[in-house]
Amino acid sequence: MADRSALITGVTGQDGSYLAELLVGLGYRVTGIVRRLSSPNLTNISSVLSDVQLVDGDLMDQSSISQAVKVSQPDEVYNLAAQSFVATSFAQPVLTGEITGLGTLRLLEAVRANAPTARVYQASSSEMFGHVLTEPQDEQTPFHPRSPYGVAKVYSYWASVNYREAYSMYVANGILFNHESPRRGLEFVTRKITDGVAQIVAGKTKTLRLGNLDARRDWGYAPDYADLMHRTLAAPTPDDYVGATGESHSVREFVEVAFHLAGIDDWEKHVIIDPQYNRPSEVFNLRGNANKAKRTLGWEAKTRFADLVRIMVEADLQRYGIASR
């Protein structure tokens, strides 16, 4: 694979950083697009910073995306950048549509014009399913998004399918269910929980404010899903694949396990239910069926729910200087 080159949008995020590490390890020449910030956060890619070429770009700016594709001349393009926080999408729906929806279209146009033989991976989301009537969800399940984020991802999904069909481009969608890690942003509920638990153990706070504890999600481990992304573009023909563990767990279960791992069993004393964290329209039960990915790509999620929570809790305890229990 030493002669392969890849372009990653969102390279400094959770998924982008794990994918960059994987591809560098496989001998790829990796280019990452980063937004021009006064002080960019490169922490997640610190281990491969010397091996990744960074170029300025923004999914809201066509010329910068086109230039990044032109300069990197990638064999593979992974579109992982997005405004991906569901709560923010309700507060900033137009911005979410611009980045998460139209941003994908700008990238597809840039690839079509400057690297038409490149293979493109679009990070789709289980949030596209939204209001589900059947369980588990697979590649044939209808979309009914319940947030501006989910709506924007549906747009990106169909734009990707359209470019595949209209221009015979290699474009594949990865419909990934929730996947977490210690690199997850603190605004996401899983990381908010594990960081909150660590802060309570460290004596920095006594409470953790959360919203709906009954929502259920199919939670996996991000590095497993980076492997699926790579396998998706290695397939002979482009297609769309669900990535999931096949299990669903409630936010309440996540809280219970996280507190227990930190040696706290009376978690109810520390958790405050705050209605401000409830969504205008909630998604209650997402659980994926990844049989197609297993059958076609030989992929399945390796990390189970309890192990995922343990990995995240131990990492956050360590950040506060606390030895694992």
**Request:** Identify, from the list T207, T190, T237, the residue that is surrounded by fewer than 15 Cβ atoms within 10 Å (Cβ to Cβ), modelled with pLDDT of 95 or more and either in contact with a helix residue (DSSP H, G or I) (Cβ under 7 Å, 6 or more places away or on another chain) or more than 25 Å from T104 (Cα to Cα) (or both).
**Result:** T207
**Prompt:** Is it true that some residue in segment 121-128 is of a type in the set (D, E) and crowded, with 22+ Cβ neighbours inside 10 Å?
**Reply:** yes
**Set V201, V154, V171: member being at pLDDT 95 or above and farther than 20 Å from S125 by Cα** = V201
**Message:** Given the criteria touching a residue at least 60 places away in the same chain (Cβ under 8 Å), under 30 Å from V77 (Cα atoms) and assigned to a loop (DSSP other than H, G, I, E, B), does P223 qualify?
**Reply:** no
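From the list T232, T245, which one is farther than 26 Å from R310 by Cβ, among the polar types (S, T, N, Q) and within 19 Å of the chain's Cα centre (by Cα)? First the steps, then the outcome.
On the way: T245 fails: farther than 26 Å from R310 by Cβ.
The match here is T232.
Being at pLDDT 95 or above and closer than 19 Å to Y170 by Cα is the requirement here; does E21 meet it?
Numbers: at pLDDT 95 or above: yes; closer than 19 Å to Y170 by Cα: no.
No.
Within the bounds of segment 115-132, is there any residue that is in contact with a Phe, Trp or Tyr (Cβ under 9 Å, 6 or more places away or on another chain), assigned to a helix (DSSP H, G or I), under 13 Å from D239 (Cα atoms) and in contact (Cβ under 8 Å) with a residue 60 or more places away in the chain?
First pass over segment 115-132, keeping only residues in contact with a Phe, Trp or Tyr (Cβ under 9 Å, 6 or more places away or on another chain): 116-132.
Keeping just the survivors that are assigned to a helix (DSSP H, G or I) gives 126-128.
Still in the running and under 13 Å from D239 (Cα atoms): none.
Taking every residue of segment 115-132 in turn, none turns out to be in contact with a Phe, Trp or Tyr (Cβ under 9 Å, 6 or more places away or on another chain), assigned to a helix (DSSP H, G or I), under 13 Å from D239 (Cα atoms) and in contact (Cβ under 8 Å) with a residue 60 or more places away in the chain.
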**Request:** Give the residues of segment 297-306 that are part of a helix (DSSP H, G or I) and surrounded by 14 or more Cβ atoms within 10 Å (Cβ to Cβ), sorted by residue number.
**Result:** L297, F305
**Request:** Test G97 against the criterion of being out of contact with any Asp or Glu (no Cβ under 7 Å at 6 or more places or on another chain) and either closer than 22 Å to M169 by Cβ or not assigned by TED's automatic domain parsing to the domain that holds D51 (or both), and give yes or no.
**Result:** no
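Looking at segment 132-139, is at least one residue out of contact with any helix residue (DSSP H, G or I) (no Cβ under 8 Å at 6 or more places or on another chain) and either buried (at least 18 other Cβ atoms within 10 Å of the Cβ) or closer than 16 Å to I8 by Cα (or both)? Before the answer, list the steps.
We begin by selecting, within segment 132-139, every residue out of contact with any helix residue (DSSP H, G or I) (no Cβ under 8 Å at 6 or more places or on another chain); these are 132-136.
With either buried (at least 18 other Cβ atoms within 10 Å of the Cβ) or closer than 16 Å to I8 by Cα (or both) added as a condition, the list becomes 132, 136.
Looking through segment 132-139, at least one residue is out of contact with any helix residue (DSSP H, G or I) (no Cβ under 8 Å at 6 or more places or on another chain) and either buried (at least 18 other Cβ atoms within 10 Å of the Cβ) or closer than 16 Å to I8 by Cα (or both).
This table checks each residue for (1) in contact with a helix residue (DSSP H, G or I) (Cβ under 6 Å, 6 or more places away or on another chain); (2) over 30 Å from Q318 (Cβ atoms); (3) outside the structural domain of E165 (by TED's automatic domain parsing).
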| position | (1), (2), (3) |
| --- | --- |
| A258 | yes, no, yes |
| K269 | no, no, yes |
| I272 | no, no, yes |
| E282 | no, yes, yes |
| K292 | no, yes, yes |
**Asked** So, in segment 78-97, of the ones that are within 20 Å of G32 (Cα to Cα) and of a type outside the set (S, T, Y), which residue ends up modelled with the lowest pLDDT?
**Response** Q83
**Request:** Could you tell me whether D51 is touching a residue at least 60 places away in the same chain (Cβ under 8 Å) and more than 28 Å from T245 (Cβ to Cβ)?
**Result:** no
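Restricting attention to segment 252-296, and to residues there that are assigned to a helix (DSSP H, G or I) and β-branched (V, I, T), which single residue is nearest to D227 (Cα to Cα)?
Going residue by residue through segment 252-296, those that are assigned to a helix (DSSP H, G or I) are 252-261, 267-269, 275-277, 291-296.
Among the residues that remain, those that are also β-branched (V, I, T) are: 255, 257, 296.
Working: V255: 28, V257: 26, T296: 14 Å.
So, considering only residues that are assigned to a helix (DSSP H, G or I) and β-branched (V, I, T), the one nearest to D227 (Cα to Cα) is T296.
Mind telling me which of the residues D75, D58 ends up being in contact (Cβ under 8 Å) with a residue 40 or more places away in the chain and either charged (D, E, K, R) or assigned by TED's automatic domain parsing to the domain that holds M312 (or both)?
On the way: D58 fails: in contact (Cβ under 8 Å) with a residue 40 or more places away in the chain.
When all the criteria are applied, what remains is D75.
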**Asked** Inside segment 17-107, counting only strands (runs of 3 or more DSSP E) that do not spill past its ends, which hold 2 or more residues that are surrounded by fewer than 16 Cβ atoms within 10 Å (Cβ to Cβ)?
**Response** 52-56
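The values are calculated or read from the model by the stated rules, or taken from the named source; none is laboratory data. The model shown is predicted, which means the values in this text are computed figures rather than measured ones. Note: ideal-geometry Cβ built from the backbone for every residue, glycine included; neighbour counts use all protein chains shown.
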